[in-house]
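To keep things clear, I will list the structure first and then write my remarks on it.
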Amino acid sequence: MATDYENLLDLVRRRRSTRRYKPDPVADGDIEKIIEVARWAMSGANAQPWEFVVVKDGNTRAEIFELYKLHRTQTDVFNKLLPPELKHPVTGTLKAGQPSFRDAPVFIVVCGDSRTLLATSLSAEIMGYERTTYHFNLANATMLVHLAAASLGLGTQWISTSPIWEGKLKTLLGIPDWFTVPHLAPLGYRDYTPPPPYRREVSEILHREEYEQSKFRTDEQVLEYIALVRNRARAAYYIPPEKGKK
Ligand SMILES: Cc1cc2nc3c(=O)[nH]c(=O)nc-3n(C[C@H](O)[C@H](O)[C@H](O)COP(=O)(O)O)c2cc1C
């Protein structure tokens, strides 16, 4: 029988960002199971800022996707400054017919109640808002959403919001002023096999007793690395056509 560690390693390796979804519905019971796992995330001072808006309505999902497209187009300005090998594949205008998270039958919108910062007010004052546990707490819960979905055979994608569309998203969904909406997770069944992921080796990232200077990467090595993962990302975002279609 597999050990807990083997099961965990298998699950984290099998979870893949999904970028092409089947329209097949997801059972409400599965959504509740995912939220059940997410609520067990760690949070600084046990502040638990997370709440989740589950959107299944097709029109609302389409409106959310329009907001995302606006973000894509406007943030392309930063990509334009980069040399070709460092450009990220998901900037700029989406091509017509390109598969995307718009097809996922469910969006789990992760939001946080920023009043929970009071649970860690000392650290907010010392660290500044951007470094408070609040953001890490929300990321922890989001990670569990993705892992729980993978354990149920479902695909997800981590979609980050930005100042360009976060406010509009809040208005669309009636999310209260005190809340932030850092991420959303489209959820559905995968319609393709994502390419194998790239991860840095344990030997590259593990330092024993002190930082091993021999492992410190030069600027050139970091740039080479970014070019490498960009290439991988281009493959990950390339979605093979369905059988029978060109
Ligand atoms: C903070 C964060 C933000 C991300 N933002 C996006 C995003 O906006 N769109 C997207 O398609 N993937 C996004 N991702 C997913 C990463 O691209 C993905 O996890 C990474 O390429 C590794 O691939 P894997 O998830 O298949 O292991 C994000 C992941 C994290 C943790």
How about the range 1-43: which of its residues are more than 16 Å from the ligand (Cβ to nearest atom) and in contact with a Phe, Trp or Tyr (Cβ under 7 Å, 6 or more places away or on another chain)?
-> Lys22, Asp24, Ile35
Could you please tell me which pairs satisfy a Cβ distance under 9 Å, a separation of 6+ or placement on different chains, a first residue in the range 225-243 that is assigned to a helix (DSSP H, G or I) and more than 13 Å from the ligand (Cβ to nearest atom), and a second residue that is among the hydrophobic types (A, V, I, L, M, F, W, C) and modelled with pLDDT of 65 or more?
-> Ala227/Leu86
Does Val55 satisfy the condition of being away from the ligand (no atom under 16 Å from the Cβ), touching a Gly at 6+ places or on another chain (Cβ under 9 Å) and touching a residue at least 24 places away in the same chain (Cβ under 8 Å)?
-> no
Which residues, counting only those in the range 13-39, are assigned to a helix (DSSP H, G or I) and exposed (fewer than 12 other Cβ atoms within 10 Å of the Cβ)?
-> Arg14, Asp28, Gly29, Glu32, Glu36
Within the range 83-101, count every residue that is out of contact with any strand residue (DSSP E or B) (no Cβ under 8 Å at 6 or more places or on another chain) and not in a loop (DSSP other than H, G, I, E, B).
-> 3
Take the residues in the range 133-165 that are over 20 Å from Ala38 (Cβ atoms) and of a type outside the set (A, V, I, L, M, F, W, C), then tell me which one is nearest to the chain's Cα centre (by Cα).
-> Ser162
Of the residues in the range 40-82, those that are among the hydroxyl-bearing types (Ser, Thr, Tyr) and either part of a loop (DSSP other than H, G, I, E, B) or touching a His at 6+ places or on another chain (Cβ under 8 Å) (or both) come to Ser43
Are any of the residues in the range 197-205 assigned to a helix (DSSP H, G or I), under 16 Å from the mean Cα position of the chain (by Cα) and over 13 Å from Val109 (Cα atoms)?
-> no
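Given the residues Lys69, Lys95, Lys56, which is the only one that is closer than 18 Å to Ala233 by Cβ and not aromatic (Phe, Trp, Tyr)? Full working, then the answer.
Details: Lys69 fails: closer than 18 Å to Ala233 by Cβ; Lys56 fails: closer than 18 Å to Ala233 by Cβ.
Lys95 is the lone residue from the list that is closer than 18 Å to Ala233 by Cβ and not aromatic (Phe, Trp, Tyr).
The values are calculated or read from the model by the stated rules, or taken from the named source; none is laboratory data. These numbers come from a predicted model, not from an experiment. Don't worry about glycine lacking a Cβ; one is built from the backbone with ideal geometry, like all the others, and counts go over all protein chains shown.
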